[in-house]
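Values in this text are rule-based calculations from the coordinates and carry no lab data. In this text, all values refer to a predicted model and were calculated from it rather than measured experimentally. With ideal geometry, Cβ positions are generated from the backbone for all residues, glycine too; neighbour counts draw on all protein chains shown.
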Amino acid sequence: MHRSLVLGCGAYLPERVVTNEELAKTVDTSDEWIVKRTGIRQRHIAADGELTSQLAVNAAQDALTRAGVEASDIDLVIVATSTPDNTFPATATRVQAALGVRQGAAFDVQAVCAGFIYALSVADNMIRLGQATTALVIGAEVFSRILDWEDRGTCILFGDGAGAMVIRGVENGGDNAAPGILSTHIYSDGRYYDMLYVDGGPGSTGTAGFLRMEGKEVFRHAVSRMAEAIETALEHNNLTLPDINWLVPHQANIRIIESIGRRLRLSRDNVVVTVDQQANTSAATIPLALTQAQNDGRLASGDLIALSALGGGFSWGSALLRW
Ligand code: ACO
């Protein structure tokens, strides 16, 4: 029986940092309001002409180096993004070419902020079935390009960035104490389409659009669905809440993260938080946060890591990893 082993994670953040104070010069807001309601202090913003694929390639190269894997070993590239370079082809094909990967498949997955969990689920299942051996799973976004910079209710929340993970199939008898991805669970409920969406886009509407959101509804659903998805994953693996060593949640708002942490009875010290420094980078938040935890040495071999996210759709899900 195959299982996916996490070989390494990588990250890339654009050089330019925009603080709350800087934002407050152009929209009617304040550092105090943003920190109190969201925990966000700053975000990275891509340079003019810096595209999602470039962010993704930089994060992927970092992950490949960390993993000690050559591009020639990769036979699957999945990019989770809601801000692709073009309507088609998939941004993943551009990333594949730039990395020098000449085999296998490359495609995008679109599940907004839950995109990385969806992409990881697809890659893990392809590996389990023997359809791929070594995969690059990337979350990459330039949300700065789909924000209405005059809408203080949304523009303060997001940033740009990319994170990547290299996973490889290994033989494993299904022992949940052994390292690897134990399970992924993904869900959507399209009745909530209008709660968080872009009012246009390069697809069938043929118009450019901006992100629109019912913040309170998103907040409420994010807390319950993300926590539930982790509870389901634990039950699926015959594990319990105290088995979790690390929660690496989607980073949208510190109050959402703290509410989930409380519901899962986790100490703040066991929750990886990057939202203060990076804001919400949508599909990139989880691999960015995981890379930070990997690089600062917090994660020990054998640790149980719970990932969870919710985004537009609504789409949400969880993954359990044994480090
Ligand atoms: N600066 C100052 N005042 C603001 C700002 C701002 N940036 N934005 C809104 N306000 C004002 C509003 O106009 C309102 O003023 P009023 O009372 O005079 O009408 C007041 O602040 C309260 O606004 P609310 O929208 O009720 O504020 P709330 O406490 O709900 O916080 C927030 C808004 C931060 C967006 C919150 O709802 C939230 O975080 N929701 C989750 C949304 C999210 O994270 N989305 C990301 C994508 S989905 C995901 O990743 C899970």
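Taking every alpha-carbon pair under 8 Å whose residues sit at least 6 apart, the stretch 206-323 reaches a relative contact order of 33 percent. Given +1 at the Cβ of Lys and Arg, -1 at the Cβ of Asp and Glu and no other charges, the dipole of the stretch 225-323 around its Cα centre is 140 debye to the nearest 20. Listed by Cβ neighbour count within 10 Å, with the fewest neighbours leading, 108, 276 appear as 276, 108. Considering only 219, 166, 59, and ranking their Cα positions along the charge dipole of the chain that arises from unit charges at the beta-carbon of Lys, Arg, Asp and Glu, the one farthest toward the positive end is 219. In this Cβ point-charge picture (+1 for Lys and Arg, -1 for Asp and Glu), the stretch 2-171 has a dipole of about 440 debye about its Cα centre. Sequence-ordered 3J(HN,Hα) estimates for the stretch 225-237 from the Karplus curve with 6.51, -1.76 and 1.60 and θ = phi - 60° stand at 5, 5, 5, 4, 4, 6, 4, 4, 5, 4, 4, 4, 9 Hz, glycine and proline given as x. Looking at the stretch 5-96, the GluC sites (Glu not before Pro) that sit in a DSSP loop and have at most 10 other Cβ atoms within 10 Å of their own Cβ are 15.
Can you bin the stretch 85-148 into rounded, prolate or oblate? Criterion: square roots of the alpha carbon gyration tensor eigenvalues sorted a ≥ b ≥ c, rounded for a/c under 1.5, prolate for a/b above b/c, oblate for the rest. Oblate is the answer for the stretch 85-148, as a/c is 1.5 or above yet b/c matches or exceeds a/b.
Of the peptides 55-68, 280-293, the ranking by mean beta-carbon count within 10 Å, highest at the top, reads 280-293, 55-68. Only helices enter the 222 nm calculation for the chain: every DSSP H run of n ≥ 4 contributes -39,500 (n - 2.57), and dividing by all residues gives -9500 deg cm²/dmol, rounded to 500. Using θ = phi - 60° in the Karplus curve 6.51 cos²θ - 1.76 cosθ + 1.60, the 3J(HN,Hα) couplings for the stretch 158-167 round to 10, x, 10, x, 8, x, 9, 9, 9, 10 Hz; x is entered for Gly and Pro.
Ranking 190, 237, 157 by Cα position along the charge dipole of the chain, where only Lys, Arg, Asp and Glu carry charges on their C-beta atoms, puts 237 farthest toward the positive end.
Can you bin the chain into rounded, prolate or oblate? Criterion: square roots of the alpha carbon gyration tensor eigenvalues sorted a ≥ b ≥ c, rounded for a/c under 1.5, prolate for a/b above b/c, oblate for the rest. Oblate, since a/c reaches 1.5 and b/c is not below a/b. Rounded to the nearest 20 debye, the dipole magnitude of the chain is 460 debye, with +1 charges on Lys and Arg beta carbons, -1 on Asp and Glu beta carbons, and the Cα centre as origin. Note: relative contact order over the chain, using C-alpha pairs below 8 Å and six or more positions apart, is 26 percent.
When the charge dipole of the stretch 180-322 is built from unit charges on Cβ atoms (+1 for Lys and Arg, -1 for Asp and Glu) and taken about the Cα centre, the candidate among 273, 290, 202 whose Cα reaches farthest toward its positive end is 273.
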